[in-house]
Amino acid sequence: MAKNKKDPVIEVKEIENKKYKNAMYMSNKEIRAITKENFKITKAFEKQKRRKNVPESEYLTEMKDPDNIVEFDDLHTYFFTSAGVVKAVDGVTFNIPRHSIVGVVGESGCGKSVTSLSLMQLVQAPTGQIVDGAIRFASTDGKCYDISKVPTNQMNDIRGKQISMIFQEPMTSLNPVFTIGNQLDEVTLLHIPGTSKEKAKQMSIAMLDKVGMAMPENVYTRYPHQLSGGMRQRVMIAMSLLCNPQLIIADEPTTALDVTIQAQILDLLREIKTEINGSIMLITHDLGVIAEMADYVVVMYAGRIVEQGTAEEIFLHPKHPYTIGLQKSKPMVTKDVERLYSIPGSVPNPINMPNYCYFRDRCNKRFKTCDGAYPELRKLSKHHNVACHLYDDKPAVNQTKDDNSVEEAK
Amino acid sequence: MNKDKNKKDLDITTEETENAEVESNVTDEMKNEFEGQIVNIDSPNETNGEKLSAEAKAQLESDEEEFKRIKIISPGKMVAKRFFRSKLSMIGLVMLAALFIFSFAGPIFSSYGETEKVGASKEVISVIPHTINVTEDGVVVQYHFYEVSDPYLVYTKTAPTWQNWLGTDQYGYDVLTRLMYGGRVSLTLGFSVIILETILGTFLGALAGYFGKWVDQLIMRIVDIFNCLPGLPILMLAAALIDGWGVPGRYKIYCLLGILTIFGWSGIARLVRGQILGLRGLEYMIAAEATGLSTKRKIMKHLIPNVMPQLIVSATLGLGGVILYESTLSYLGLGVPIPYAAWGTMIGSTSGTTGREILQNYPNIWIPAGVCIVMAVLAFNFIGDGLRDAFDPKMKR
């Protein structure tokens, strides 16, 4: 197992080390060579995923902390494109504790969606692959799955039943040729074997009622095009709740909705969280939403975590210059600003990233040390970590791991 | 002038968007209910919460009544409505219905059978003279002898009469009855071929589109090969081959069915593959995957129903083509053989030396069959066009 896993990683590193003659231009030959390499690597991964009758011992692990429902541990999700390896998620480590809402924030393309898709094993294969790291998920049956290693057919039992997902675009996330009822029933019939069609219908209608849909019997018989955006998002939420999942991933659930509906949907999500007694991983680029909803916040930038902590810590005492910049660029009702602050520059191209702080070129607090290697995550308090050279005097997270475990043992 | 035009346009749009209006009414209503619901959610903390929710309840009930007043049109009904509104497709439907009744119910009322010889006949004896020269002892002796057959019946082609509305043909069969039985062959064959073709094409196209990579490569290259084979010569070759194997006449139609299916599925496979390639990446497919559906279910339950409109249209339009191919093969004598009736075979009687007389003097034998073929193909094309317009959501006519 370990042997199989390691080979592609080594190959990835070989590709990284290759020096191209001209960084701005790639010849056909180079592209072909990369494509060939990529094919080899992705094929190895796909083969591993497709295997049948995988012994359970391969993908069952132990949670580090039983209070967590999901632990991302040094997750690396790469996309093997013909232009090079895109490190969409590059060493992300964070936990989702039980009964909490964890918000993941960042600009477009910072890897927040890919992190969530990795958790569902929905990364666009074969180009996208979980290359390294683990995603530990505590299942209801007491087992702990390492999702990065679970074979695809086993994954179908987890998807929708234990982890469900709410998508960004309610307008296109429902199949236009089936009625709402049909699509809701499908999930129940699939995941709760032995349910009769009538029982499934009852459950669907009850769920539609629960998400605040007026006249659920009527909505049940409707087609998606007959509903408004807010109603469709409610249907999506109802669908994700049908099997009492432990974790709901909400991938920008309010982006496509207008502000009033947004508030309703967020209220609904919060209510539901308490009702199902589960956790929510909320992905958004709207800091307001995060501030209102989340217990813990993870700020991502270019595939890495730059700062993480409780909502209070991130919003009241942001430490990383990027987080501070994000806060400043948020419109405030109380302040009268002529021009909104914006962080200069844009997100760097994620291909062949050199080893220095990715935010260096846009940072207003850049100093000499920033030319060095990528800063490590440093611990500021129990939950608050930051990756910035400004805090180099603080203890690194990895070093203090042992101390933590000792503390917890006490 | 310009204003008038605008006005006209507006009128048209209001007329046409009847359905849309109904829908928008519905959604507005739902929004109102939403607001009622919000009050409902927010109010429990307040002292007059119960009162408010009661009010909301009353409003809900009244809304529900109004809701029942408005008919909800499902997409299927919408398509049907648009289809039946178009005159051309109705003409096609009527033509097709007439053909079906003619060929499936007609024989019940006909007093003759498919292979029943009813034409006027004469008893004849054929006499063939033979001459043989034999040299006997240097003398050439000429022998004459005559081969005389048993008396047999020869049927004369007859013009339409009150007994035989379309006359009889050179074998003494009643043309009208033959026309009915020929229709059975053409229509049954057409439908079975199209159904088989669609199933095969959809299955392979869906596989290619969904899995991509080598599956796609393999299936699409096979499709390419089938697409670059010249249709008619290959069909003739295949039909001749089956002729050579000595397949009995009764079963030849099944061979024909097989040949037409094998050479016809590639177009549908390409169509389905293209559609599925586009649909596969859509949000709702990722959402379906996120609910943990298996691959089989995803293809069968989510992708193929989405291709259905295009499939129905292409199948209907393809039906005409199949009927034409069947007629062509029958005309060339490679389809349904003589004692059995087929429209193509009936037209085929005009070929050859004996056929010239039929072509010139007995149009009652071949023109009706030609008219039937034209009618069938036209009907399917009209219906196909109508369906295409009905299924197209962007169509505003």
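Which of the residues that make up the stretch B:168-185 are under 19 Å from B:Ser351 (Cβ atoms) and either small (Gly, Ala, Ser) or surrounded by fewer than 20 Cβ atoms within 10 Å (Cβ to Cβ) (or both)? B:Gln170, B:Tyr171, B:Gly182, listed by residue number. In the stretch A:191-238, of all residues being within 10 Å of another protein chain (Cβ to nearest Cβ) and either in contact with a Cys (Cβ under 9 Å, 6 or more places away or on another chain) or at positive phi (or both), the one that is surrounded by the fewest Cβ atoms within 10 Å (Cβ to Cβ) corresponds to A:Met215. Tell me which residues, restricted to the stretch A:319-337, are more than 19 Å from A:Val289 (Cβ to Cβ) and open to solvent by less than 30 Å² (accessible area, probe 1.4 Å). Selection gives A:His320, A:Pro321.
Touching a residue at least 40 places away in the same chain (Cβ under 8 Å), open to solvent by 20 Å² or more (accessible area, probe 1.4 Å) and in a helix (DSSP H, G or I): is that true of B:Ile312 in this structure?
Working: touching a residue at least 40 places away in the same chain (Cβ under 8 Å): yes; open to solvent by 20 Å² or more (accessible area, probe 1.4 Å): yes; in a helix (DSSP H, G or I): yes.
Yes, satisfied.
Looking at B:Ala341, B:Ala288, which is the one that is open to solvent by less than 20 Å² (accessible area, probe 1.4 Å) and either free of Cβ contacts under 8 Å to residues at least 60 places away in the same chain or farther than 29 Å from B:Gly370 by Cβ (or both)?
Values: B:Ala341 fails: either free of Cβ contacts under 8 Å to residues at least 60 places away in the same chain or farther than 29 Å from B:Gly370 by Cβ (or both).
After applying the criteria, what remains is B:Ala288.
Residues satisfying the criterion are present in the stretch B:287-295 (criterion: on the phi > 0 side of the Ramachandran plot, within 14 Å of another protein chain (Cβ to nearest Cβ) and not in a helix (DSSP H, G or I)).
Looking at B:Ile338, is it modelled with pLDDT under 85 and assigned to a loop (DSSP other than H, G, I, E, B)?
Values: modelled with pLDDT under 85: yes; assigned to a loop (DSSP other than H, G, I, E, B): yes.
Yes; evaluated as a whole, the condition is true for this residue.
Residues checked against (1) away from chain B (no Cβ under 14 Å); (2) in contact with a Phe, Trp or Tyr (Cβ under 6 Å, 6 or more places away or on another chain); (3) not β-branched (Val, Ile, Thr):
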| site | (1), (2), (3) |
| --- | --- |
| A:Ile147 | no, yes, no |
| A:Ile158 | no, no, no |
| A:Met165 | no, no, yes |
| A:Met171 | no, no, yes |
| A:Gln183 | no, no, yes |
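Applying the set (1) within 14 Å of chain A (Cβ to nearest Cβ); (2) modelled with pLDDT under 85; (3) buried (at least 17 other Cβ atoms within 10 Å of the Cβ) to B:Glu283 leaves exactly one unmet item: (3).
Report whether or not B:Glu326 is more than 14 Å from chain A (Cβ to nearest Cβ) and among the charged types (D, E, K, R). Taking the combined requirement at face value, the residue satisfies it. A search for C-beta distances below 7 Å between a residue of the stretch A:325-354 that is among the basic types (Lys, Arg) and any residue that is part of a loop (DSSP other than H, G, I, E, B) and modelled with pLDDT of 80 or more, counting only pairs 6+ apart in sequence or on different chains, returns A:Lys328/A:Tyr341.
Restricting the stretch A:36-72 to residues that are open to solvent by 50 Å² or more (accessible area, probe 1.4 Å), assigned to a helix (DSSP H, G or I) and modelled with pLDDT of 80 or more leaves a set whose member that is farthest from A:Gln124 (Cα to Cα) is A:Lys36. Within the stretch B:137-156, identify whether any single residue is modelled with pLDDT under 90, open to solvent by 80 Å² or more (accessible area, probe 1.4 Å) and either assigned to a helix (DSSP H, G or I) or in contact with a helix residue (DSSP H, G or I) (Cβ under 8 Å, 6 or more places away or on another chain) (or both), and answer yes or no. Within the stretch B:137-156, none of the residues are modelled with pLDDT under 90, open to solvent by 80 Å² or more (accessible area, probe 1.4 Å) and either assigned to a helix (DSSP H, G or I) or in contact with a helix residue (DSSP H, G or I) (Cβ under 8 Å, 6 or more places away or on another chain) (or both).
The values are calculated or read from the model by the stated rules, or taken from the named source; none is laboratory data. Just so we're clear, the structure is a prediction, and the values are computed from it rather than from any experiment. Note that we place each Cβ from the backbone using ideal geometry, even for glycine, and neighbour counts take in every protein chain shown. Remember, those area values only see protein heavy atoms, side chains included, never the ligands or the DNA or RNA. Shrake-Rupley method; radii C 1.70, N 1.55, O 1.52, S 1.80 Å.
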